[in-house]
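What follows is one structure encoded as structure tokens, with my remarks underneath.
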Amino acid sequence: MMKDKNIVVLFSFFLGMFGAHRFYLGQTKLGILYCILALTGISVLLQIIDFFVFLFMDQKVFDLKYNSKYVELQRREEMDESDNYEYNRQSNRRSRQYQAEDFRRTTAAPRNHRPVAQRPDYNKMNPYKASGIQRYKAYEYEEAIEDFLKVLETEPNDISVHFNLSCANSLLEQKEEAYYHLNRAIELGFKDYHRIRNHDALAYLRLQPEYEALESRVMNPRKSAPKTKDLLSDTPNLLEQIKQLGALRERGLLTEEEFVAQKKKLLG
């Protein structure tokens with residue numbers, strides 16, 4: 001059942017100390033913990049915190065965290081409707097072309113027609129990749145991650161797999177893994193920045209403080225990434241310079257390749 005944010009706010013205000021809002025969200029164990037803590041009075045503080053958190057939580061963020069299955073189902077239905085519309089439009093167009101050519105067709109070879117867009121052929125795809133996509137669509141994100149990781153064992157530079165791994169990990173709120181695979185996809189040539197900024201599955205990552213550095217590095221690399229030489233100018237010690245390089249890499253100001261290259265220069 002789809003969860004209503006307003007009901008959660010009311011439950012947290014009136015019955016929050018007993019974890020009513022957690023029971024409503026399906027977090028049974030957490031609700032039981034609130035009931036136990038109610039004996040000590042600690043749950044009253046948790047009730048106040050939860051009330052304001054849910055009150056000011058953006059509806060889209062709430063849906064992604066607690067109604068992700070319904071959001072994904074709605075998105076898939078919209079995509080299916082869009083695909084069906086495009087398929088019918090091209091089919092009708094092709095039918096009109098054939099009718100017009102029937103009047104002037106001769107023994108000559110028929111004209112080539114623009115091919116109709118085809119859906120992915122899962123039979124020709126890596127079996128683990130096909131399985132990962134199917135499981136992702138079925139909201140089985142942990143199982144999908146396992147399949148995608150198996151694909152990387154033989155195809156480590158598959159951009160789409162890295163992007164899908166980033167989305168799946170983001171939906172599970174696994175920040176480090178999600179950022180790693182998103183960075184890896186970008187390093188391999190992923191250029192759909194609009195998708196990074198708007199994809200529902202990446203909403204959790206966009207809420208993290210590290211996203212600003214990623215955005216600057218991807219969209220404005222020349223402006224945002226200062227020269228390594230300038231960053232290290234005040235650090236004469238070799239060991240400290242290497243540590244500084246590592247810090248720059250963790251902040252997203254240096255790629256893995258740039259980190260290795262600068263480290264070789266220091267040790268050379």
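Taking the criterion of being under 18 Å from residue 64 (Cα atoms) and among the small types (Gly, Ala, Ser), the residues of region 160-194 that qualify are 166, 168, 170, 178. Residue 189 satisfies every condition listed in (1) under 27 Å from residue 259 (Cβ atoms); (2) assigned to a helix (DSSP H, G or I) except (2).
Taking the criterion of being over 14 Å from the mean Cα position of the chain (by Cα) and surrounded by fewer than 15 Cβ atoms within 10 Å (Cβ to Cβ), the residues of region 132-142 that qualify are 134, 138.
Please go through region 232-259 and give me each residue that is modelled with pLDDT of 75 or more and not in a helix (DSSP H, G or I), ordered by number. Scanning region 232-259 gives a single hit, 255. Of the listed requirements (1) at positive phi; (2) at pLDDT below 65, residue 139 misses just one: (2). No other residue among 17, 1 is at pLDDT below 90 and under 15 Å from residue 53 (Cα atoms) apart from 17. Restricting region 32-73 to residues that are polar (S, T, N, Q) and assigned to a helix (DSSP H, G or I) leaves a set whose member that is farthest from residue 202 (Cα to Cα) is 43.
The values are calculated or read from the model by the stated rules, or taken from the named source; none is laboratory data. Everything quoted here is computed from the prediction, not taken from an experiment. All Cβ positions, glycine included, derive from the backbone under ideal geometry; neighbour counts span all protein chains shown.
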